[in-house]
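**Q** Have a look at the structure that comes next, please.
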Amino acid sequence: MLRNRTDLPLQQDATRRFLPWLVAIMVYLATLALAGLLVLNDAAGRWDRGLSGTLTVQIPPLTGEATAGRDAKAGERKRVAKAIKVLRGTPGIVEVRVLGNAEIKALLEPWLGTGDFAAELPLPALIDVKIRPDARINMDGLSAVLDGAVPGTTVDDHRKWLDRLILLARFTQLIAASIVFLVSAAAVATVIFVTRAGLSIHHEFIELMHFIGAQDGYVARQFQFQALGLGLSGSIIGFVLAAATLLALGVISGQLQASLMPKMSLDLSQWLMLAAIPVIVALISMITARVTVLKVLARMP
């Protein structure tokens, strides 16, 4: 705990009991908001790296009488071969790979659960397509050509919905950054209010100190160190509560197997960024208190 000799009885102020808890709440919210901003930033980068430059071509299964027997499998292979031929003949496509049944089953398990549903449900053939980064492919034209070669074939352009997903993530990041800014502004306003209240309570003591030769800087130091101690203690409380919340969320999210779900765990550098919040808030509290006191004292006769 920070200790500093004071000539003002600041420890008796009723407002000092509330400042640490107000700061704790603000630090808690700011830490969660900043953690959310970091998580979303990592998730947006991971989505962009993992899905950009790829397509998924879906060939529906045969229906009706053609679905039974050996001829059905031959028909399916023929349809897939036609689609592959079209894709490999398209400029800009660098790799074409047909997903196996095990891969398709792994993609469907989060929604359908485990089990041998592949034997009960007609599953489409999926083709994973990689595109050269600088390629400009007419998706509508490619879809039309594929549908002409293999009726019912659809092309899933990941870039379209990935752009929307990243835009949503960026907008959420903006909201998180706004929360951090508003919480910081609220912390400054709280310190200003508490400091002004202390100046009003100890107005007569301050006038007496001025009378015996105390300078404004000396009086300001007593308020600034009080604000530093109270701000630091409240910040530590808020950070500990926020860290516990983030660890709990990390454990819960780790039990989910959703590939597009943001990774809630933070690395060491991100934790260090969050750990800087209590120190920054305490310093802001100290500086705010000093500036407030000096401005008020400058207007005193």
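The values are calculated or read from the model by the stated rules, or taken from the named source; none is laboratory data. Quantities reported herein were computed from a predicted structural model and do not represent experimental measurements. Reconstructed Cβ throughout: ideal geometry from the backbone, glycine too, with neighbour counts over all protein chains shown. Calculation scope for accessible area: heavy atoms of the full protein, side chains included, ligands and nucleic acids excluded. Shrake-Rupley method; radii C 1.70, N 1.55, O 1.52, S 1.80 Å.
**Q** Which of the residues spanning the range 225-249 are touching a helix residue (DSSP H, G or I) at 6+ places or on another chain (Cβ under 6 Å), surrounded by fewer than 23 Cβ atoms within 10 Å (Cβ to Cβ) and of a type outside the set (A, V, I, L, M, F, W, C)?
**A** 233
**Q** All but one of (1) touching a Gly at 6+ places or on another chain (Cβ under 9 Å); (2) open to solvent by 60 Å² or more (accessible area, probe 1.4 Å); (3) modelled with pLDDT under 90 hold for residue 266; which doesn't?
**A** (2) is the only condition that residue 266 fails.
**Q** Which ranges mark the strands (runs of 3 or more DSSP E) fully within the range 51-136 that have 1 or more residues being modelled with pLDDT of 70 or more and touching a Ser or Thr at 6+ places or on another chain (Cβ under 9 Å)?
**A** The strands (runs of 3 or more DSSP E) meeting that bar are 54-59, 125-131.
**Q** Continuing with the same structure: For the range 162-184, which residues satisfy the criterion of being surrounded by 12 or more Cβ atoms within 10 Å (Cβ to Cβ), free of Cβ contacts under 8 Å to residues at least 12 places away in the same chain and closer than 26 Å to residue 126 by Cβ?
**A** Within the range 162-184, 163, 168 qualify.
**Q** Ok, one more. For residue 201, state whether it is aliphatic (A, V, I, L, M), farther than 21 Å from residue 40 by Cα and in contact (Cβ under 8 Å) with a residue 40 or more places away in the chain.
**A** Answer is yes for this residue.
**Q** Right, here's the next one. Let me spell it out: the conditions are (1) crowded, with 17+ Cβ neighbours inside 10 Å; (2) modelled with pLDDT of 75 or more; (3) not aromatic (Phe, Trp, Tyr), and residue 41 meets all of them except one. Which number is the exception?
**A** Failing condition for residue 41: (1).
**Q** Has the range 193-207 got any residue that is open to solvent by 20 Å² or more (accessible area, probe 1.4 Å), among the small types (Gly, Ala, Ser), modelled with pLDDT under 85 and in a helix (DSSP H, G or I)?
**A** Yes: the range 193-207 contains one or more residues that are open to solvent by 20 Å² or more (accessible area, probe 1.4 Å), among the small types (Gly, Ala, Ser), modelled with pLDDT under 85 and in a helix (DSSP H, G or I).
**Q** Among the residues of the range 140-158 satisfying the criterion of being over 32 Å from the mean Cα position of the chain (by Cα) and open to solvent by less than 60 Å² (accessible area, probe 1.4 Å), which is farthest from residue 105 (Cα to Cα)?
**A** 141
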